[in-house]
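Q: Handing you this structure, nothing more for now.
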Amino acid sequence: MFTVNEAAKLVSGAVIGDGNARVKGMAPCDFAEEGDITFAFDGEGLERAGKSRASCVLTTSGVENYPKTVLQVGDMKLALTVLYNAMLEMKLFAKGIIHPTAIISENAVLGKDVSIGPNAVIDDSAKIGDNSVVGANCVIGKNVTIGRKSYLHPNVTVYENTVIGNKVIIHSGTVLGADGFGYIPKDGKIYKVPQMGNVIIEDDVEIGANSCVDKGTFATTVVGRGTKIDNQVQIAHNVKLGKNVMVAGQSGIAGSSTVGDNTMMGGNVGIADHVNVGSNVKIGAKTGVHGHVRDNKVIFGYPYREAADARKLYGLLSLLIKNGRKFRAFLRKLPDE
């Protein structure tokens, strides 16, 4: 819980009314309770918010003789996002409670106010930093390190030697550190390649539900600071993701590929193995990336092309399909070679 004045400092806003009013949540005006911040995008919204139970109204509009405390900001979307994240952090890390059904090794090291949910397993020599949360049924393997204020939702599996940084969020069903897909077929038999590396998840990363990050073959698979990964994403062995990368759902990055800082990938993108994708690249949904991509490119299609070229190609294909008969008639009129 914090005051409206403190909220105003977070979003560079101006307070009209009681800046000492305390707020702890955020909700649309129809559902807002006392202690909530609600929001209004226009005059009609302000009228409805003024009749709500909220303690404060966030808006870009100036008001006079308004019945509630107002927090006036220049950018509503940014302000909502900043305040939501501040309140989310307060809710996630409220208490340090260890459920009696949790199984914790005597050699594990837990920081202050760590929470462990029902039936979670913490194996030998695991280390969990202050204020972190391990949800129900999570399995934390040997020698795993988890930093401060990280949150693992229920049913997350973290294999041995994985390193998770500070303020990391891992959603349910995700597996970190499983063996990479490495095999050698020889003389009618398929031999498993040793998978002896580990995974490092740097600070401020969020990984969605049912995603997988495989450990390196001999080295390390790295997910860089601030990167956000959607649900059902596959990150293969030895992959290196840079800082602030965004990967949408059902995408896959094959082994030993690299992705530079600030690159954005749409849904269902596939990156082949040993490919280097530069920084600040934008990759459209369903794109197949089979070769290296330089910095600052915008690419799309399968196989990938620069987005402008891909749009021209699909436009020509549409025109060709629409005028197929005319095109065939034109070809028949051409002289034989």
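Rule-based calculations on the coordinates, nothing more; no lab input. On a predicted model such as this, the values are computed, not experimentally measured, just so you know. In this analysis, Cβ positions are derived from the backbone assuming ideal geometry, glycine residues included, and neighbour counts consider all displayed protein chains.
Q: Check the straight Cα-Cα distances from residue 9 and name the aspartates and glutamates below 18 Å, setting aside those fewer than 8 residues away within the same chain.
A: Once the sequence-local aspartates and glutamates are set aside, what remains near residue 9 is 18, 36, 75, 89.
Q: In sequence order, what are the phi-derived ³J(HN,Hα) couplings for region 124-135 according to the Karplus relation 6.51 cos²θ - 1.76 cosθ + 1.60 with θ = phi - 60°, rounded to whole Hz, with x for glycine and proline?
A: Calculated HN-Hα couplings, in order: 4, 6, 6, 10, 10, x, 3, 6, 7, 10, 10, x Hz.
Q: Report ³J(HN,Hα) in whole Hz for each residue of region 100-115, in order, from the Karplus equation J = 6.51 cos²θ - 1.76 cosθ + 1.60 where θ = phi - 60°; Gly and Pro get x.
A: So the Karplus estimates, Gly and Pro as x, are x, 8, 5, 10, 10, 4, 5, 8, 6, 10, 10, x, 6, 6, 7, 10 Hz.
Q: GNM, the chain, Cα, under 10 Å: largest mean-square fluctuation among 273, 130, 75?
A: Answer for the Gaussian network model of the chain: 75.
Q: Then there is this: What's the exposure ranking of 225, 311, 325, going from fewest to most Cβ atoms within 10 Å?
A: Result, fewest neighbours first: 325, 311, 225.
Q: Quick check on the chain: helices-only [θ] at 222 nm, where DSSP H runs of length 4 and up contribute -39,500 (n - 2.57) each and the sum goes over total residues. Nearest 500, please.
A: It lands at -5500 deg cm²/dmol.
Q: Under the Karplus relation 6.51 cos²θ - 1.76 cosθ + 1.60, θ = phi - 60°, what is the ordered set of whole-Hz ³J(HN,Hα) values for region 244-252, x standing for Gly and Pro?
A: Those phi angles translate into 6, 7, 10, 10, 7, x, 6, 8, x Hz.
Q: Still on this structure, please answer the following. What whole-number value in cubic angstrom gives the convex hull volume per residue for the C-alpha atoms of the chain?
A: Convex hull of Cα atoms, per residue: 216 Å³.
Q: Scan around residue 26 for amide H atoms under 5 Å from its own, H built in the peptide plane at 1.01 Å from N, and keep only partners 5 or more places away or cross-chain.
A: Here the answer is 37, since their amide H atoms fall under 5 Å of that of residue 26.
Q: As an exercise, take the mean of 1/r over every pair of distinct alpha carbons in region 52-204, invert it, and state the Kirkwood radius in angstroms.
A: Computed over Cα pairs of region 52-204, the Kirkwood hydrodynamic radius comes out at 18.2 Å.
Q: Hey, another quick one. Let a ≥ b ≥ c be the square roots of the eigenvalues of the Cα gyration tensor of region 3-69; is it rounded (a/c under 1.5), or, if not, prolate (a/b larger than b/c) or oblate?
A: oblate
Q: Could you identify which residue out of 147, 45, 278 has the top mean-square fluctuation in a GNM of the chain using Cα springs shorter than 10 Å?
A: Of 147, 45, 278, the Gaussian network model singles out 45 as fluctuating most.
Q: In the structure shown, do any of 228/286; 24/243; 91/167 have a Cα-Cα gap over 22 Å, and if so which?
A: 24/243
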